[in-house]
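S.K.: Mind looking over this structure? Questions follow.
The values are calculated or read from the model by the stated rules, or taken from the named source; none is laboratory data. From a predicted model like this one, the values you see are computed outputs, not experimental measurements. As a convention, Cβ positions derive from the backbone with ideal geometry for all residues, glycine included, and neighbour counts pool all protein chains shown.
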Amino acid sequence: MKKNPKVSICIPTFNRMQYLTQTVQSALDQDYENIEVLVSDNFSSDNTEELMKQFSSDPRVIYNKNNSNIGMVLNWRKLLYEMVSGDWFILLSDDDYFIDHAYISKAVKLLESNIDMNAVYASGYISNTNGDVMKEMTIPYDEVESGKNIFLKKYTVVPQEFTLCNIIFNVEKSKDLKAFSDLNNLYCDSQLFSEMCLSGKVGVIKDYVSVYRYHPGNLVTKKRTFEELVAICQVYFSPYRIASASSVITSIELAKWDVKHLRPAIKSVILHISADHADQFEDGYKRIKESAPYSLTVYFTDPKFLLKYLITKNRFLYSLILKLKKKFSGSEK
């Protein structure tokens, strides 16, 4: 790896001017010199464009405003494929911010001493909207960790496995993996991280480097559309295929990962489509089955899943169960 690589800090934004100044400034405050700060405005209707003028004199900042709102994933794609000129990139959401000025310096030091790394990630804080509740997201791995180990233990780190602002990705490798190609895949960041882990070692910074704001406005907290549910499957199918073709992951290890992570996720998707998009179920199941790395008939041999599936197919029974669940959970007086 070359010395002093360029790092692109990518900030996708949409109508978040109340947070954006802090976000951009936290990027500019990094003590690593070879950076660019790229802001891609997804056709905001507030005064984001005017606000960004305060940074116009800093040559490290590049501001772009899209001609229309192209959606979250396509905005990420625009940043990576059309704006980034660095060797490494970070996606820093417009409501998150760095708190460690040496974050990128620490990451680059790790990268320069380990040529087979494709990513570095760090610990951080998760905050509510007001910033008065902070949870620690601690990364439980060694400074230089096997990507295989992280992949096999994925979805076990609490309260949250990672946030985008805590990961530095290799640009060339991300493009090779066709990152952010499906506009309906709102979890494509998780997919990219899994695939990066299967491609080599991962650097780990134990320090708390950023604050991730969690609030009701986060896009991924909203109810999923039919197309988004179908797209979620690739978050699991694609890494499974890569792991299956890899000599690093044994068939026994992959089988355990399948049972523990892939199957529960795909079962959940099938049930959600059946419950929330019943009129499109046949099409959705067909598409999922065609893209699956193995036959899905094995799922229907699970009595619990089959019972849940049959309940969602019975609209009256499903509606009744939801009402009873709501009542006895204490949410209905």
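S.K.: Since PRO159 meets every condition but one in (1) modelled with pLDDT under 95; (2) in contact with a Phe, Trp or Tyr (Cβ under 9 Å, 6 or more places away or on another chain); (3) not polar (S, T, N, Q), which condition does it not meet?
M.R.: (2)
S.K.: Considering only residues that are basic (Lys, Arg) and under 15 Å from LYS267 (Cα atoms), which ones fall in the stretch 291-324? Let's see the steps before the verdict.
M.R.: In the first step, residues of the stretch 291-324 are kept if they are basic (Lys, Arg); the result is 304, 308, 313, 315, 323.
Of everything in the stretch 291-324, those that are basic (Lys, Arg) and under 15 Å from LYS267 (Cα atoms) turn out to be LYS304, LYS308, LYS313.
S.K.: Can you say whether LYS109 is in a helix (DSSP H, G or I), in contact (Cβ under 8 Å) with a residue 40 or more places away in the chain and of a type in the set (D, E, K, R), as far as the supplied structure shows? Even if it seems obvious, please write down each step before you answer.
M.R.: Working: in a helix (DSSP H, G or I): yes; in contact (Cβ under 8 Å) with a residue 40 or more places away in the chain: no; of a type in the set (D, E, K, R): yes.
In short, no.
S.K.: For PHE300, which of the numbered conditions (1) surrounded by fewer than 16 Cβ atoms within 10 Å (Cβ to Cβ); (2) within 18 Å of ARG241 (Cα to Cα); (3) among the hydrophobic types (A, V, I, L, M, F, W, C) fails to hold?
M.R.: Going through the list (1) surrounded by fewer than 16 Cβ atoms within 10 Å (Cβ to Cβ); (2) within 18 Å of ARG241 (Cα to Cα); (3) among the hydrophobic types (A, V, I, L, M, F, W, C), PHE300 breaks only (2).
S.K.: Looking at the stretch 286-311 only, could you name the residues that are basic (Lys, Arg) and either farther than 24 Å from PRO239 by Cβ or not assigned by TED's automatic domain parsing to the domain that holds ARG263 (or both)?
M.R.: So in the stretch 286-311, the residues basic (Lys, Arg) come out as 286-287, 289, 304, 308.
Within the stretch 286-311, LYS304, LYS308 meet the criteria.
S.K.: Within the stretch 252-268, is there a residue that is of a type in the set (Val, Ile, Thr) and over 19 Å from LEU306 (Cα atoms)? Show your work before the answer.
M.R.: To start, the set of residues in the stretch 252-268 that are of a type in the set (Val, Ile, Thr) comprises 252, 259, 266.
Filter once more, keeping what is over 19 Å from LEU306 (Cα atoms): 252.
So far as the stretch 252-268 goes, yes, one or more of its residues are of a type in the set (Val, Ile, Thr) and over 19 Å from LEU306 (Cα atoms).
S.K.: Let me ask something additional. Hey, can you tell me all the residues within the stretch 170-192 that are under 16 Å from VAL235 (Cβ atoms) and not polar (S, T, N, Q)?
M.R.: LEU177, LYS178, ALA179, PHE180, ASP182, LEU183, LEU186, TYR187, CYS188, ASP189, LEU192
S.K.: Inspect the stretch 286-296 for any residue being in a helix (DSSP H, G or I) and over 21 Å from THR225 (Cβ atoms) and give the result as yes or no. Full working, then the answer.
M.R.: Taking the stretch 286-296 as the starting set, the residues that turn out to be in a helix (DSSP H, G or I) are 286-291, 296.
Then drop every residue that is not over 21 Å from THR225 (Cβ atoms), which leaves 296.
Yes, the conditions are met somewhere in the stretch 286-296.
S.K.: Look at LYS78 and say whether it is part of a helix (DSSP H, G or I), free of Cβ contacts under 8 Å to residues at least 40 places away in the same chain and surrounded by 14 or more Cβ atoms within 10 Å (Cβ to Cβ). Break it down into steps so the answer makes sense when it comes.
M.R.: On the way: part of a helix (DSSP H, G or I): yes; free of Cβ contacts under 8 Å to residues at least 40 places away in the same chain: yes; surrounded by 14 or more Cβ atoms within 10 Å (Cβ to Cβ): yes.
Yes; evaluated as a whole, the condition is true for this residue.
S.K.: Just one of the numbered conditions (1) assigned to a helix (DSSP H, G or I); (2) farther than 16 Å from MET17 by Cα is not true of ASN67; which one?
M.R.: The number of the failed condition is (1).
S.K.: Considering only the stretch 245-255, state which residues are part of a helix (DSSP H, G or I) and in contact (Cβ under 8 Å) with a residue 40 or more places away in the chain.
M.R.: Initial filter on the stretch 245-255 (part of a helix (DSSP H, G or I)): 245, 251-255.
The answer is GLU253, and nothing else.
S.K.: When you scan the stretch 123-141, how many residues do you find that are surrounded by 15 or more Cβ atoms within 10 Å (Cβ to Cβ) and assigned to a strand (DSSP E or B)?
M.R.: Of the residues in the stretch 123-141, 7 are surrounded by 15 or more Cβ atoms within 10 Å (Cβ to Cβ) and assigned to a strand (DSSP E or B).
S.K.: While we're looking at this one, here's another question. Taking interchain pairs and intrachain pairs at least six residues apart, which have beta carbon atoms under 8 angstrom, with the first residue in the stretch 199-216 and more than 7 Å from GLY124 (Cα to Cα) and the second buried (at least 22 other Cβ atoms within 10 Å of the Cβ) and of a type in the set (Phe, Trp, Tyr)?
M.R.: As it stands, the answer is VAL202/TYR121; GLY203/TYR121; VAL204/TYR121; ILE205/TYR103; ILE205/TYR121; ASP207/TYR103, since those pairs meet every condition given.
S.K.: While we're on this one: So which of SER40, SER8 is under 21 Å from MET117 (Cβ atoms), assigned to a strand (DSSP E or B) and not hydrophobic (A, V, I, L, M, F, W, C)? Break it down stepwise before answering.
M.R.: On the way: SER40 fails: under 21 Å from MET117 (Cβ atoms).
Just a single option satisfies the conditions, and that option is SER8.
S.K.: Being outside the structural domain of ILE249 (by TED's automatic domain parsing), hydrophobic (A, V, I, L, M, F, W, C) and crowded, with 20+ Cβ neighbours inside 10 Å narrows it down to one of VAL120, VAL144, so name that one. Can you show your working first?
M.R.: Numbers: VAL144 fails: crowded, with 20+ Cβ neighbours inside 10 Å.
The match here is VAL120.
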